[in-house]
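Take a look at the structure set out below.
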Amino acid sequence: MTAEPLPEHPDFLWRNPEPRSSYDVVIVGAGGHGLATAYYLAKNHGITNVAVLEKGWLAGGNMARNTTIIRSNYLWDESAAIYEHALKLWEGLPAELDYDFLFSQRGVLNLAHTLQDVREGVRRVGANRLNGVDAEWLEPDEVAEVCPILNVSPRTRYPVLGGTFQPRAGIAKHDHVAWALARRADELGVDLIQGCEVTGFLKDGDRVVGVETSRGRILAGRVGLAAAGHSSVLARLAGFRLPVQSHPLQALVSELHEPVHPTVVMSNHVHVYVSQAHKGELVMGAGVDAYNGYGQRGSFHVIEQQMAAAVELFPVFARAHVLRTWGGIVDVTPDASPVVGSTPVENLYVNCGWGTGGFKATPAAGWTFAHTIATGEPHPLNAPFALDRFTTGALIDEHGAAAVAH
């Protein structure tokens, strides 16, 4: 397998063709989910007359602003099923796409600091195993073996009482993933159109027949929305409301260091997660900012609190220096689970509400969304995540259920 070079600058333009007058399918949003949807529409369903529209540049939104973590150790059956499908796809995707996007199964460790954390963690390990997801419960000495630089002293403010560990979990290079999916979709005949903002929808009664864009009117047989953080804005343009709120989500990296951190460590109690990128940066983040907003930046107090938590867990990191911070925009539903399926508008489909789980779900989100658009029916994996669950009450409440922010 030969690694592809990175683009020379972040606003690298792909082939970027002029949009045609009509397509079988238009996907709004050229992030990970939009690109994966287009790829699987072509690969799995033979639908290649597809346009992916992006108001900025390819993968320039949340796909370029996540912290690269991949895992499937969710509590509820529905969540575990779709994220485990994603992880299985991840495991074969580098070879399938013929692109080394630095997928590294170094494991994810979720720490427990209280008796309630311990009870929840043991429960989740049991639920994961019943769902065929690899999971282990580790005692404090075993946690230290997995991550020797972690402070497991009982004299800390938040002592480590144990943790769950998913060995198959890990990280991948997010921009490489985007270029890999984009290249294959392009080769299969999909048009990737950048600098093309959707400003409205063309409708025939209650049926969408196309989109208005900054580069002209485009007719479409079906339209899929995959624009993280802006789904509710697009839904209003189409004439309906989504039960999502947009929040800033920020993270940071340090300057480069020699390899010191062998896994991914997450702690909901002190609200921080830490991994080390392939180049050597320490990558850290926390939960979403409490306020609503569309700014790709966050609040200083969130960074300050996550740094305090990280230094307490990893005293060696006190010598590290922050290199840069950034923010993305995530849309969050009342039950912290996504919406993937049809909308009240015929021929219009939506994939949104992933919160902080969007990157790890990328291939499964694309696989199931492509199935739904191509067939008009949900895939069994995304059927539970339909919009009507907010009226039927069949919620999938992952808030806090997975021992992380989401």
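General observations
- Failed condition for Tyr273, given (1) under 16 Å from the mean Cα position of the chain (by Cα); (2) open to solvent by less than 10 Å² (accessible area, probe 1.4 Å): (2)
- For the range 102-134, taking the residues that are β-branched (Val, Ile, Thr) and in a loop (DSSP other than H, G, I, E, B), the one that is surrounded by the fewest Cβ atoms within 10 Å (Cβ to Cβ) is identified as Thr114.
- Scope the range 332-342; condition open to solvent by 10 Å² or more (accessible area, probe 1.4 Å) and either under 12 Å from Ser231 (Cα atoms) or small (Gly, Ala, Ser) (or both); matching residues: Val332, Ser342
- Lone unmet requirement of (1) modelled with pLDDT of 95 or more; (2) more than 18 Å from the chain's Cα centre (by Cα); (3) closer than 20 Å to Asp175 by Cβ for Val264: (2)
- Residue among Gly205, Gly162, Gly189 that alone is touching a strand residue (DSSP E or B) at 6+ places or on another chain (Cβ under 9 Å), open to solvent by 40 Å² or more (accessible area, probe 1.4 Å) and on the phi > 0 side of the Ramachandran plot: Gly205
- Among the residues of the range 367-403, the one identified as at pLDDT below 95, in contact with a Phe, Trp or Tyr (Cβ under 8 Å, 6 or more places away or on another chain) and either assigned to a helix (DSSP H, G or I) or open to solvent by 60 Å² or more (accessible area, probe 1.4 Å) (or both) is Asp397.
- Odd one out for Val52, checked against (1) among the aliphatic types (A, V, I, L, M); (2) open to solvent by less than 10 Å² (accessible area, probe 1.4 Å); (3) not in a strand (DSSP E or B): (3)
- For the residues Pro167, Pro140, Pro148, Pro154, the requirement of being farther than 30 Å from Lys279 by Cα and not small (Gly, Ala, Ser) singles out Pro154.
- The residues on offer are Arg222, Arg183, Arg236, and the sole one that is at pLDDT below 95, open to solvent by 20 Å² or more (accessible area, probe 1.4 Å) and basic (Lys, Arg) is Arg183.
- Of the criteria (1) at positive phi; (2) touching a residue at least 40 places away in the same chain (Cβ under 8 Å), which one Leu323 fails: (1)
- Flag for Arg324 being charged (D, E, K, R), open to solvent by 20 Å² or more (accessible area, probe 1.4 Å) and touching a strand residue (DSSP E or B) at 6+ places or on another chain (Cβ under 9 Å): yes
The values are calculated or read from the model by the stated rules, or taken from the named source; none is laboratory data. Quick caveat, the model's predicted, so the values are computed rather than measured. Glycine gets a Cβ as well: all are built from the backbone with ideal geometry, and neighbour counts include every protein chain shown. Remember, those area values only see protein heavy atoms, side chains included, never the ligands or the DNA or RNA. Shrake-Rupley method; radii C 1.70, N 1.55, O 1.52, S 1.80 Å.
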